[in-house]
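Working notes for the structure below.
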Amino acid sequence: MKSTMQDIPLTLTALLRRGELFPRSEVVTCEGETSRRATFPEVAARIPRLAAALRELGVQPEDRVGTLCWNHQEHLEAYFAIPCMGAVLHTLNLRLPPQQLAQIVNHAEDRVIIVDASLAPLLAAIRPHIPSVQHVVVVGDGDVSGLGDVHRYEDLVQAAPATFDWPNIDERSAASMCYTTGTTGDPKGVAYSHRSIYLHSFAVWATFHITDVERVLTIVPMFHVNAWGVPYAAWMVGADLLLPARHMQPDALCAFMEREKPTFTGGVPTIFTAILAYAQANGRDVSYLKRAVGGGSAVPASLITAYREKLGIELIQAWGMTETSPIGTIALPPKGTSPGDEMQFRSKTGRPVPGVDLRIVDDSGAEVAHDGVAVGEIEVRGPWITGSYYKTDAPEKFHNGWLRTGDVGNIDALGYVQITDRSKDVIKSGGEWISSVELENLLMGHPSIADAAVVGVPDERWQERPLAAVVLKQGDSATPDDLREFLQDKVARWWLPERWAFVSELPKTSVGKQDKKLIRAMYAEGKIEVVQLAAAQRS
Ligand code: AMP
């Protein structure tokens, strides 16, 4: 029997229209000491103009339009104009080395690139090597030498007609794309559909509880997995959007926050650690922020506690990846949890959100027991999980219709997942697993440690042993023995690293994660000084 329901396509055009419902909601862009503001209807009125201008430049349905931009109003306009005209928004990671950036532009065959004037030198460096790009559109004022002929974004928008005849779009067609930033192998393209973004926006809305009374600060870059889909969800429900542009240092962010008073934000743990340290050292007031979602890498329990106790902010852990749009799990305690027990759930990776099917399988492909102990690879499927990569065959990344995440972990009887490692980062010592993530989280709880990474390095006797690379807080000191003693009653004895490196900073990837591949390479090449204690004793 057929249903009686209307068959309305789930497209971004439908989400775009909702902006007009919220004349009291605003998009605020940080411009250093001041803010630039526009109401949702004012932004909505510029979007057809941008689409008309891009059409004038020759952009046709399915063409890719790249954006090399920070988080700001114009980027939000592109988020809607490009997909709604039937083209594909391709957000470019401005922290990639030029050669990789060119590789991605060429792979996607971007036809037009919208670039911030402040990022013109980065694009200029690759301009001769990206032949598919016919037009460059520059946002903001500034020197654009090296880019050849360019169009100015504002001139185009002002000169364009005020209306655009939005086409009917197949909800399954690509709306935007983003390349993975894996530290191994070439970046792979993930293409989100109108339908996947539409459904994911509802998941973000429900999971993060964003409503029109919230003021949402997007710290996650809009070039990384659509800023976790937060701009679309906020627009859909009329939550104010506070966009920090290039003012992403803790001091600038704190000043922007004091001025604009966000109630909700999301970002990687590194940035939350930096904000906490800066706000505390400089007496900055961030108390209006009620909730923050942390993800992108494990959020240490000590950071969640510090946010609650020192700043009064609920820091919630979530997990996802470029391939999962990204929302996959969220770590909120289940009903009936006493306050004293909350942390055992909040410090986990989380429970799958509605819409995401998740399982953990062992090497033979069988599902592991839900006992919080048995470890295997996490696999997911769902309407906003990728089923392939753009123009790249990668059969090893899929398993009977499930995406193999490359994350390794366990799942308990209540469905809470705990990631213990990336599959490429697992440490196997004498045939037993050591969780680098758990060691890092514990080390982050030491009062003198500002940052920590644990990697597996070759060992003659045990095949592999953990090397702990730590950054001490300024003015603090700690020896390997101190740190081992701190860990002693928290993990099995043979997990305790005997190799320690004290470094001034840890290498990070273009999206702010520990670059463990580089740490291992630096160790192999003797480029980090390591204190080595007596060999591990297995008890
Ligand atoms: P990306 O595609 O760059 O967003 O990276 C996705 C990867 O980040 C995941 O596969 C995980 O390895 C890692 N990740 C994201 N969130 C978490 C989390 N809450 N805990 C541990 N790892 C995470």
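Descriptive notes on the structure:
- Residues within region 429-457 that are in a strand (DSSP E or B) and either touching a Phe, Trp or Tyr at 6+ places or on another chain (Cβ under 9 Å) or open to solvent by less than 20 Å² (accessible area, probe 1.4 Å) (or both), tallied: 10
- Residue count, region 355-366 (criterion: over 16 Å from residue 414 (Cβ atoms) and either among the polar types (S, T, N, Q) or not in a loop (DSSP other than H, G, I, E, B) (or both)): 3
- With respect to the stated conditions, residue 335 is part of a loop (DSSP other than H, G, I, E, B) and open to solvent by 20 Å² or more (accessible area, probe 1.4 Å).
- Evaluation of residue 497 against the conditions (1) open to solvent by 50 Å² or more (accessible area, probe 1.4 Å); (2) within 27 Å of residue 409 (Cβ to Cβ); (3) in a loop (DSSP other than H, G, I, E, B) shows that the sole unmet condition is (1).
- Here residue 322 meets each of (1) away from the ligand (no atom under 11 Å from the Cβ); (2) touching a strand residue (DSSP E or B) at 6+ places or on another chain (Cβ under 7 Å) with one exception, condition (1).
- Test: residue in region 29-47 that is in contact with a Phe, Trp or Tyr (Cβ under 7 Å, 6 or more places away or on another chain), at negative phi, hydroxyl-bearing (Ser, Thr, Tyr) and modelled with pLDDT of 95 or more: no
- Flag if residue 216 is out of contact with any strand residue (DSSP E or B) (no Cβ under 8 Å at 6 or more places or on another chain), on the phi < 0 side of the Ramachandran plot and not in a helix (DSSP H, G or I): no
- In region 407-427, the residues that are crowded, with 21+ Cβ neighbours inside 10 Å and more than 10 Å from the ligand (Cβ to nearest atom): 410, 411, 416, 427
- Any hit, region 172-183, residues being at pLDDT 95 or above, surrounded by fewer than 18 Cβ atoms within 10 Å (Cβ to Cβ) and more than 16 Å from the ligand (Cβ to nearest atom): yes
- Set side by side, the residues 241, 253 differ, and just one is in contact (Cβ under 8 Å) with a residue 40 or more places away in the chain, open to solvent by less than 10 Å² (accessible area, probe 1.4 Å) and in contact with a helix residue (DSSP H, G or I) (Cβ under 8 Å, 6 or more places away or on another chain), which is 241.
- The single condition among (1) buried (at least 24 other Cβ atoms within 10 Å of the Cβ); (2) assigned to a strand (DSSP E or B); (3) among the hydrophobic types (A, V, I, L, M, F, W, C) that residue 316 does not satisfy is (1).
- Of all residues in region 287-312 being surrounded by 22 or more Cβ atoms within 10 Å (Cβ to Cβ) and more than 19 Å from the chain's Cα centre (by Cα), the one that is farthest from the ligand (Cβ to nearest atom): 289
- Taken over region 124-139, residues that are in a loop (DSSP other than H, G, I, E, B) and either touching a residue at least 40 places away in the same chain (Cβ under 8 Å) or open to solvent by 40 Å² or more (accessible area, probe 1.4 Å) (or both) amount to 3.
- Taken over region 352-406, the criterion of being within 13 Å of the ligand (Cβ to nearest atom), free of Cβ contacts under 8 Å to residues at least 40 places away in the same chain and closer than 17 Å to residue 327 by Cβ is satisfied by 379 alone.
The values are calculated or read from the model by the stated rules, or taken from the named source; none is laboratory data. Computed from a predicted model, the values in this text were never measured in an experiment. Because the Cβ atoms are built from the backbone with ideal geometry, glycine has one as well, and the counts that use them run over all protein chains shown. Surface areas here come from the heavy atoms of the whole protein model, side chains and all, with no ligands, DNA or RNA. Shrake-Rupley method; radii C 1.70, N 1.55, O 1.52, S 1.80 Å.
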